[in-house]
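The values are calculated or read from the model by the stated rules, or taken from the named source; none is laboratory data. Remember, predicted model here, so these are calculated numbers, not experimental data. Using ideal geometry, Cβ is built from the backbone for each residue, glycine included, and neighbour counts are taken over all protein chains shown.
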């Protein structure tokens, strides 16, 4: 904005994401170029957060709660107001572009898009790192826990390590690409987490830690062989795979076509595979879709750089002005 006039309305998007990246449960994630949620936020005088409307092309979007405290985006803005002690409030509209229950971070995208838009309306906008805690508050509404493997990469872009207090951007070589396939299935996060309740034997946890170390070292060095050796999930995938018809065959199709590794995106049912080139990812995506088709499910495929986009403000405006793109 110009002449010191604060914006009163802003529109922002947040991209889809691959949570966990297989080997990093609740710890790692990367963004996906393609599907996105969009939030329009207005600064209002009333000291409250209200959701005016939820729409978009996604089936079931109109069934999401309009009560702010029961909605990931609404709760994130409630947390932002409380954190900063704001006297003003926010009114929110959501356009859902990420399918519900897809394992592509739709609940996280709504709260991140809302936060990024609301941040543009503050007299002193915060750095992205300062929005993280509020995003965790919002994500907890959907999943029942505070994990940042979806919200953190959306805030920073690319591959991110998300702990309880930190977002750490990780290097991702530009040749790394992912094929992400979303079958026409719905798997609710709470159900997918329920199958993880039983304890794991220590030797299995140690083996998983070794895979994680190899994977992170491979990213740091840009070493495809290390990434391939590390991208093997021994803990979560074996328990969730039976919940996703066609997953095993889709993973096999990716590996047979040169994938460095493949696993379940977030809570599922979406499936992702990493490749050493975009051409390899584009060649494998139809075979992954064919595997789900053989199980009786249509699907959509996205090919994306692993170093994907971050959430951004699309436009902001002050009263009586034209929208200004950012």
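In the stretch 119-193, counting only strands (runs of 3 or more DSSP E) that sit wholly within it, the ones holding 3 or more residues that are under 21 Å from residue 268 (Cα atoms) span 159-162, 177-183.
For the stretch 119-164, a residue qualifies if it is on the phi > 0 side of the Ramachandran plot and out of contact with any helix residue (DSSP H, G or I) (no Cβ under 9 Å at 6 or more places or on another chain), and the qualifying residues are 157, 158.
Residues that are closer than 25 Å to residue 191 by Cβ and either touching a residue at least 24 places away in the same chain (Cβ under 8 Å) or touching a strand residue (DSSP E or B) at 6+ places or on another chain (Cβ under 7 Å) (or both) within the stretch 243-260 comprise 243, 244, 245, 246, 247, 249, 250, 251, 252, 254, listed in sequence order. Of the candidates 235, 196, 214, the single residue that is part of a helix (DSSP H, G or I) and touching a helix residue (DSSP H, G or I) at 6+ places or on another chain (Cβ under 9 Å) is 214. For the structure I just gave you, tell me whether residue 230 is on the phi > 0 side of the Ramachandran plot and either assigned by TED's automatic domain parsing to the domain that holds residue 92 or modelled with pLDDT of 95 or more (or both). Answer is no for this residue.
So which residues in the stretch 90-116 are within 13 Å of residue 182 (Cα to Cα) and surrounded by 24 or more Cβ atoms within 10 Å (Cβ to Cβ), if there are any at all? If the condition is that a residue be within 13 Å of residue 182 (Cα to Cα) and surrounded by 24 or more Cβ atoms within 10 Å (Cβ to Cβ), then 98, 102, 103, 104, 105, 106 are the ones that fit.
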